[in-house]
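The next block holds one structure in the form of structure tokens; read it before the comments.
The values are calculated or read from the model by the stated rules, or taken from the named source; none is laboratory data. The structure displayed is predicted, hence computed values, not measured ones. As a convention, Cβ positions derive from the backbone with ideal geometry for all residues, glycine included, and neighbour counts pool all protein chains shown.
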Amino acid sequence: MTLKEQESIVKSIARYSSSNLYKQVLRILNAFIKPKLLPPELYGLWNLLTLIDTYTLFSHQSSRISMQFLVPYHMGRNDQQTCAEIKSSVFLGTFYINAFIILILLIYAFFGDMNLKVRLGLITIAIITMMHWYTEYYFTLLKSHQKFKLISSANYLEATIALVFNVILIYYLNIYGVYLSAIMSEIMLILYLRAKYPLEKNVAFRVSVFIDLMKKGLPITLFNFSGYLVRSFDRIIVSYFLGIKQLGYYSIAVMVFSFLMQIPGASREVIEPRLMQSISTHSREDSMREYFFKPLINTAYFMPFLIGTVFFLFPLVVPVLLPKYIPGIVPTQIIIFGCYFVALSYITRGIIVANNWQFKSLGVLIFSLAVNIIISITLLHLGFGINGIAISSSISYLILFVGLMVFMRRKCNYALEDWKTNTIGLCWPFPIMCGIILILETIPKSMLINSITSSFFKLTIFYGAMFLVISIARKKYTLLKGFKLSDIF
């Protein structure tokens, strides 16, 4: 590879990363605007509707995953005919799947017994689902052709337009503004993509090609979908048993949870390609140490800083910025403890996918989902409300992580010294974090001036204690030496 090509790759990565960061920042602002301008029951309704769209995306993710990897492969072999068949089969095959799903949504929307807001919401989701089918295909195609400059500019445009439309339309039209903003943002994105990169004319749809692509990508899709189901089923339980208004309060916890997961999620996106490359050139022990144990233990000692910050400051922020959502404070403080285990679980996916163990590991995800449902319903009957749902979710995340670690240990029965040392190292951060928070929360309010002073005082003590924990751990666990944020990012 020439120096010029290397510089081009570096620029593409930098541009793409910065556009993703910009998109995430504006997504956070968008997530804040909706509860700020909507009452809890309507915010809960929108969160429930968006679940439908997200679940629908998994219906054709398998073929798109295969397409993203196979198109560059066949382009390198100058096999244009196969590339054209793959792209056409994915485009048309996923269209047929989406069309069927959308037809069901529209039939239910027009003939189901519901109020106008819900009916229009379902119609909106049907429209957005079709547009997401188109834009997701576009982005997959652009990635397979290495058009990251266009993807980056599209990220900037999409995030900016969505923010502007949300602020204006939600303010004037309430929930109908949410619907209109979502549709208009997607339309603007599609027009931009079509203007910058017109799609090629599709060749005939080949069922055999599409089925083969689905089979190749199915294991990863099932694993991803099962993981998302574990993380999102709590919203379905809240809406079914407690109603849309309580879901609105609980959605604040979901918003914070999603924000905290951005960092380990970004870490996973960086680590996994490097892991795939490392497997063919390094020993199994070295790959495990660098791309599993190191990010795992660094994440374990870093996450308490995020969790502690939210735990102590969130009760200050919500009454000022989102006073209608005060009932969502406690479930948020509960569910962020579950973030700790989800963040660690993220790191296991690279090894599982690299060894094609997705189907074998599904039992762990299904079991944790079953535990979540059983405990949630039990706590609801005991009167715990959305706090009980948050407790149940956090417990299921703990079970998920422990189950995946046991699975990994049985499959990767090498690097025994690393397993022993780092497993012991993982046992300390969470209980110490919980112990410090518990001690700080027992400080009588009379000893502190006011709630603001109290929160920042506790947070300062918490930071100091956790930095002390890290400084002690670094002396014993070599993979923590030189601990810095870049180890996680």
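Might you check whether a residue that is under 29 Å from Tyr96 (Cβ atoms), outside the structural domain of His145 (by TED's automatic domain parsing) and aliphatic (A, V, I, L, M) occurs anywhere in segment 192-201?
Initially, segment 192-201 is screened for residues under 29 Å from Tyr96 (Cβ atoms), giving 192-201.
Adding the requirement that they be outside the structural domain of His145 (by TED's automatic domain parsing) leaves none.
No.
Quick one: would you say Ile97 is at pLDDT 85 or above, under 29 Å from Gly177 (Cβ atoms) and of a type in the set (A, V, I, L, M)?
no
When the residues of segment 160-176 are filtered to those that are in contact (Cβ under 8 Å) with a residue 60 or more places away in the chain and assigned to a helix (DSSP H, G or I), which remaining residue is farthest from Thr124 (Cα to Cα)?
First, the residues of segment 160-176 that are in contact (Cβ under 8 Å) with a residue 60 or more places away in the chain: 160, 162-163, 166-167, 170-171, 174-175.
Adding the requirement that they be assigned to a helix (DSSP H, G or I) leaves 160, 162-163, 166-167, 170-171, 175.
On the way: Thr160: 21, Ala162: 15, Leu163: 18, Asn166: 15, Val167: 18, Ile170: 15, Tyr171: 18, Ile175: 11 Å.
Here the residue is Thr160.
Out of all the residues in segment 429-452, which are surrounded by fewer than 17 Cβ atoms within 10 Å (Cβ to Cβ) and either modelled with pLDDT of 85 or more or among the acidic types (Asp, Glu) (or both)? Don't jump to the end; show me each part of the working.
The first filter runs over segment 429-452 and keeps only residues surrounded by fewer than 17 Cβ atoms within 10 Å (Cβ to Cβ), leaving 431, 434-435, 438-439, 441-452.
Result: Pro431, Cys434, Gly435, Leu438, Ile439, Glu441, Thr442.
Of the residues Gly383, Gly363, only one is assigned by TED's automatic domain parsing to the domain that holds Phe292 and in a helix (DSSP H, G or I); which?
Going through Gly383, Gly363 in turn, just one is assigned by TED's automatic domain parsing to the domain that holds Phe292 and in a helix (DSSP H, G or I): Gly363.
I'd like to check something: does segment 227-247 contain any residue that is in a loop (DSSP other than H, G, I, E, B) and modelled with pLDDT under 80? Show your work before the answer.
Initially, segment 227-247 is screened for residues in a loop (DSSP other than H, G, I, E, B), giving 242-243.
With the extra rule that they be modelled with pLDDT under 80, the set shrinks to none.
No; the residues of segment 227-247 include none that is in a loop (DSSP other than H, G, I, E, B) and modelled with pLDDT under 80.
Tell me yes or no: at least one residue of segment 140-152 is in a helix (DSSP H, G or I), over 23 Å from Thr56 (Cα atoms), polar (S, T, N, Q) and under 24 Å from the mean Cα position of the chain (by Cα). Outline the logic, then answer.
Pass one, segment 140-152, residues in a helix (DSSP H, G or I): 140-144, 148-152.
With over 23 Å from Thr56 (Cα atoms) added as a condition, the list becomes 148-150, 152.
Next, only the ones that are polar (S, T, N, Q) stay: 152.
Narrowing the set further to residues that are under 24 Å from the mean Cα position of the chain (by Cα) leaves 152.
Within segment 140-152, one or more residues are in a helix (DSSP H, G or I), over 23 Å from Thr56 (Cα atoms), polar (S, T, N, Q) and under 24 Å from the mean Cα position of the chain (by Cα).
Here is a yes/no grid of residues against (1) under 21 Å from the mean Cα position of the chain (by Cα); (2) under 26 Å from Lys215 (Cβ atoms):
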{"site": "Gly338", "(1), (2)": "yes, no"}
{"site": "Gly350", "(1), (2)": "yes, yes"}
{"site": "Ile377", "(1), (2)": "no, no"}
{"site": "Leu382", "(1), (2)": "no, no"}
{"site": "Asn387", "(1), (2)": "no, no"}
{"site": "Phe407", "(1), (2)": "no, yes"}
{"site": "Trp419", "(1), (2)": "no, no"}
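Select from segment 387-416 the residues that are loosely packed, with under 14 Cβ neighbours inside 10 Å and touching an Asp or Glu at 6+ places or on another chain (Cβ under 9 Å) and list them in ascending order.
Tyr414 - this is the single residue of segment 387-416 that is loosely packed, with under 14 Cβ neighbours inside 10 Å and touching an Asp or Glu at 6+ places or on another chain (Cβ under 9 Å).
Out of all the residues in segment 222-243, which are surrounded by fewer than 20 Cβ atoms within 10 Å (Cβ to Cβ) and more than 15 Å from the chain's Cα centre (by Cα)?
Leu222, Ile236, Tyr240, Phe241, Leu242, Gly243
Pick from Ser185, Ser181: which is free of Cβ contacts under 8 Å to residues at least 60 places away in the same chain, surrounded by 16 or more Cβ atoms within 10 Å (Cβ to Cβ) and within 22 Å of Leu116 (Cβ to Cβ)?
Sole residue among the options that is free of Cβ contacts under 8 Å to residues at least 60 places away in the same chain, surrounded by 16 or more Cβ atoms within 10 Å (Cβ to Cβ) and within 22 Å of Leu116 (Cβ to Cβ): Ser181.
Hey, does segment 350-360 have a residue that's touching a residue at least 60 places away in the same chain (Cβ under 8 Å), over 13 Å from Met405 (Cβ atoms) and part of a loop (DSSP other than H, G, I, E, B)?
Within segment 350-360, one or more residues are touching a residue at least 60 places away in the same chain (Cβ under 8 Å), over 13 Å from Met405 (Cβ atoms) and part of a loop (DSSP other than H, G, I, E, B).
Return the residues of segment 188-201 that are closer than 23 Å to Ala126 by Cβ and either crowded, with 18+ Cβ neighbours inside 10 Å or not basic (Lys, Arg) (or both); say none if nothing qualifies.
Residues satisfying the conditions are Met188, Leu189, Ile190, Leu191, Tyr192, Leu193, Leu199.
Restricting to segment 81-98, and then to whatever is surrounded by fewer than 20 Cβ atoms within 10 Å (Cβ to Cβ) and touching a residue at least 40 places away in the same chain (Cβ under 8 Å), can you tell me which residue is farthest from Ala126 (Cα to Cα)?
Here the answer is Ala84.
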